[in-house]
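Report on the structure given below.
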Amino acid sequence: PTLAADLSRRASLLDGLIDASAFDAPPGVTALAERLRIEGVEAGLEERLDRVRQLVGELRFALGVQIVVGASDPITVASGYARVAEAAIRVVGEAVTAEFEAVHGKVPGSELVILALGRMGGGELTHASDLDLVFLFTGDFAAESAGPKPLGATQYFNRLAQRVTAGLSVATAAGALYDVD
């Protein structure tokens, strides 16, 4: 039923099944992230997020079909879903962070860390799984960002985490990506 609902919203998902590689296990996270990025063009954040949504939707649909037709072991597919989600988190996080840094700069010696819990943390997602994420940051909590609109580190990373969450969960014309808890 979940795949049928996805297909009713986006009939173009069938196009991805024409390629015989649709029934292969997804590659590693790094290769998936490279595929999800828009390279060589100046794309805005919305374009980047739409590309991630479109390609992740196609990959998730193909993985679901693999289970329905018995082409792959469900545990292998669950691992594939997790790799796709991790690549999406990486690419969305990079895109949102780049836009955020253009306004607020960087907090010296600090970075955002995203921890996955639940099924994502265990590397075994289903088609309908949400992402249980915890956001942390490294460095000095009393530091301030060095940009046109500086923020204290705690406020900076709280806002950045909210934007990453929105980037992963807000539906656009290309559809929804993941529910994030």
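Got the relative contact order for the range 86-138 handy, in percent, Cα pairs under 8 Å and 6 or more residues apart?
It comes to 35 percent, rounded to a whole number.
The value of relative contact order for the range 1-96, using C-alpha pairs under 8 Å at least six residues apart, is 38 percent. Counting every alpha-carbon pair across the chain, the share separated by more than 23 Å comes to 44%. Rolling a 1.4 Å probe over the protein chains gives Arg83 an accessible area of about 50 Å². Working from Cα positions, state the angle (0 to 90°, nearest 10) between the long axis of helix 153-169 and the longest principal axis of the chain. Helix 153-169 sits roughly 20 degrees off the main axis of the chain. Taking the range 13-40 and a reference point 7 angstrom along Cα→Cβ of Thr172, the backbone N atoms nearer than 13 Å belong to 37-38.
The long axis of helix 45-68 is offset from the longest Cα principal axis of the chain by roughly 30 degrees. Kirkwood hydrodynamic radius for the range 76-181: how many Å is it when counted over pairs of different Cα atoms? Roughly 14.5 Å, rounded to one decimal. Axis of helix 74-104 versus longest Cα principal axis of the chain: the two differ by about 30°, to the nearest ten degrees. Of the whole protein surface, Glu111 contributes about 110 Å² of accessible area at a 1.4 Å probe radius. Percent antiparallel among DSSP beta bridges with both residues in the chain, to the nearest 5? Once the DSSP bridges in the chain are tallied, antiparallel ones form about 90 percent. With the charge dipole of the range 1-138 set up from +1 on Lys and Arg Cβ and -1 on Asp and Glu Cβ about the Cα centre, the Cα lying farthest toward the positive end among the listed residues Val92, Gly105, Gln66 is that of Gln66.
With a ≥ b ≥ c taken as the square roots of the eigenvalues of the C-alpha gyration tensor of the range 49-113, please select rounded if a/c is under 1.5 and otherwise prolate if a/b is larger than b/c or oblate if it is not? Oblate.
Residue order by solvent-accessible surface for Ile18, Ile38 is Ile18, Ile38, largest first, with ligands and nucleic acids left out and a 1.4 Å probe. Ranking Leu55, Tyr81, Val134 by how far each Cα lies toward the positive end of the dipole of the chain (charges on Cβ) leaves Val134 at the top. Surface exposure of the chain, expressed per residue as accessible area with a 1.4 Å probe, stands at 52 Å². For the chain, the relative contact order is 22 percent, taking Cα pairs closer than 8 Å that sit 6 or more residues apart in sequence and dividing their mean separation by the residue count. For the chain, adding -39500 (n - 2.57) for each run of n ≥ 4 DSSP H residues and dividing by the number of residues yields -17000 deg cm²/dmol at 222 nm. Only protein atoms count toward the accessible area here, which uses a 1.4 Å probe; on the chain, the carbon and sulfur part of that area reaches 55 percent.
The values are calculated or read from the model by the stated rules, or taken from the named source; none is laboratory data. A quick note: this is a predicted structure, and the numbers were derived from the prediction, not measured. Cβ: placed from backbone, ideal geometry, glycine included. Neighbour counts: every protein chain shown. Heads up: the accessible areas ignore ligands, DNA and RNA and are worked out on the full protein's heavy atoms, side chains in. Shrake-Rupley method; radii C 1.70, N 1.55, O 1.52, S 1.80 Å.
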